1. How many of the residues in the stretch A:217-262 are of a type outside the set (A, V, I, L, M, F, W, C) and more than 14 Å from chain B (Cβ to nearest Cβ)?
2. Against the definition (within 16 Å of ligand 1 (Cβ to nearest atom) and of a type in the set (Asp, Glu)), how does B:Asp197 come out, yes or no?
3. Can you spot a residue in the stretch B:225-246 that is closer than 25 Å to B:Asp30 by Cα, touching a residue at least 40 places away in the same chain (Cβ under 8 Å), in contact with a helix residue (DSSP H, G or I) (Cβ under 8 Å, 6 or more places away or on another chain) and buried (at least 16 other Cβ atoms within 10 Å of the Cβ)?
4. For A:Met214, indicate whether it is in contact with a Gly (Cβ under 9 Å, 6 or more places away or on another chain), away from chain B (no Cβ under 14 Å), closer than 29 Å to A:Glu127 by Cα and open to solvent by 60 Å² or more (accessible area, probe 1.4 Å).
5. For the stretch B:37-47, how many residues meet the condition of being more than 16 Å from ligand 2 (Cβ to nearest atom) and open to solvent by 10 Å² or more (accessible area, probe 1.4 Å)?
6. In this structure, does B:Pro77 turn out to be within 18 Å of the chain's Cα centre (by Cα) and not basic (Lys, Arg)?
7. Go through the stretch B:48-67 residue by residue and tally those that are among the acidic types (Asp, Glu) and either within 14 Å of another protein chain (Cβ to nearest Cβ) or within 13 Å of ligand 2 (Cβ to nearest atom) (or both).
8. Is one or more of the residues making up the stretch B:147-164 over 17 Å from B:Gly82 (Cα atoms), open to solvent by 10 Å² or more (accessible area, probe 1.4 Å) and within 14 Å of another protein chain (Cβ to nearest Cβ)?
Amino acid sequence: MEKKNKRRGVNMEHMLSFICFALIIGLWCVLTFGGFVSELFLPSPFAVLRRIGELYADGSLWANCFESTARVVVGWFWSVVVALPCGMLMANSRKFSAFVQPIIEFARYLPVVALVPLTLLYLGIDETQKYTIIFLGTFFQLVLMVCDTVSGVDANLINAAKTLGASKMQVYKEVIFPAALPGLMDDFRLTIGWAWTYLVVAEMVAAQNGLGYMILRSQRYLATDTIFAGLILIGLIGLVTDFLFRILTRIVAPWHERLADR
Amino acid sequence: MEECKLQAVGLTKIYDGGSKGDVTAIDHVDLEVKDGEFVMIVGPSGCGKTTLINILGGLDTATDGTVLLDGKPVAGPGADRGMVFQGYSLFPWLSVQKNVEFGLKMKKAPKEERAAQAKKFIDLVGLSGFEDALPKQLSGGMKQRVAIARTLANEPEILLMDEPFGALDAQTRVVMQELLADISKKTRTTILFITHDIDEAVLLGDRIYVMSRRPGTIREVLTVHIPGERSHESLVLPEFLETKKRIMDMLWQESQDAAMDR
Ligand SMILES: Nc1ncnc2c1ncn2[C@@H]1O[C@H](COP(=O)(O)OP(=O)(O)OP(=O)(O)O)[C@@H](O)[C@H]1O
Ligand SMILES: [Mg+2]
């Protein structure tokens, strides 16, 4: 009985999410087909769909999506690779924390856009520059999130492991890491979202391809349909990424009880 | 039987209370637990019982005094002093079997040995059939059985238990007390057990240390003489009631003195 209710609850939630999308698209239709706004500012949904079809046909859709996704993933990946051990160390060593905390807090407030000229100067306009922008945009936030998640691991579990004979290394590997994993997956998921913001920053400055580049170039030709096509594609990729992360979390931490599952 | 397993000499713990001044949690506590003995500690709430057992287990450091195991000083936590906590502290991502094997895995024991040892102790606590269950699928009593099996499988020199049944309902608590009395007899494990439940102390203990209110000191040591096997039926024996009354009087006196202090 309880289970059935839960089911219905979930379906209800899906329904509400769907209705929200439908409302926005409905409003969009009314505004454009009703002639309330100029086609130049807001193209109709059909115009945007048609544009997406054309981009697909000339092959630039996949090429741009692929380029951008690859940049996001590589930049984000390095951010994770460095932030994970750093954050874990910060959470467990006062000395290390005291050593790096000030610089991280400082760097966190630097607007990444303001660092773009320097990255161009040091690294030129190749891919490394784009990875670096994404890294700089996500790393400092992620370190603090990892540190916070790891500090939140139940101290009783760590104590239990110690009294069962676990060494320091074993406590990290066998207790802190698995206990923090669901929270870390959430941190990673949020970070990859931000990575898209910084990707667009990077591609708007110096790139010959990618969705951000596509959007910026369209502005020059007043091709609003292409701008909207680009925005929708980024949003869709975001949705898919989010979905994949949720599935992955369920695979790597099946024991974890999420609020939504209860 | 008569040799001393664990010994505390002059243990004192002063917490740095900051602006509110220092808190002396325990003050020159001496105690000893003989090989194979079941020793209880009772005391008023907040008298420093948890502080004491955490120092014995190496999870906390004493301001002054020494802990000796088999006559040798020990510092820091170790597999030789197994602990069972009120909050179970099971690893939620591990099955019952894997939880019980944890200590052996830390010692890098071969797989077959781990499995055999785990089976032995899962059987001992009456959980065969639940090997693959996750902690979240178990009741509180079952969780505490797993925690006991997990600690025993590690074959510690002494089992330190801090109000292990404090979170259980009355019926389950009696069942667990009988189970522990049975385990203690079968395995001859040395046990130091903390409680504020006087019935529990008299039912399980060979000897009982009664602590004073904070700063905790040892007020008295009693030897329990109850004929026959310890079970829920012992709860109405005259010897049981007499010992119980003596402890109640002492704790009542402590609370009176505490009231006078204020
Ligand atoms: N980390 C700490 N810092 C400062 N004071 C502490 C700390 N831990 C415990 N205390 C104080 O030490 C005293 C003893 O605490 P402890 O938890 O050992 O008592 P207890 O006998 O286990 O209590 P209970 O019956 O509630 O389990 C208490 O007054 C407590 O406030
Ligand atoms: Mg306590």
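The values are calculated or read from the model by the stated rules, or taken from the named source; none is laboratory data. Bear in mind that the values here come from a model prediction, so they are computed numbers and not experimental data. With ideal geometry, Cβ positions are generated from the backbone for all residues, glycine too; neighbour counts draw on all protein chains shown. Calculation scope for accessible area: heavy atoms of the full protein, side chains included, ligands and nucleic acids excluded. Shrake-Rupley method; radii C 1.70, N 1.55, O 1.52, S 1.80 Å.
1. Going through the stretch A:217-262 one residue at a time, the tally reaches 14.
2. yes
3. Yes: one or more hits.
4. The answer is no for A:Met214.
5. 1
6. Yes, satisfied.
7. Result for the stretch B:48-67: 1.
8. no
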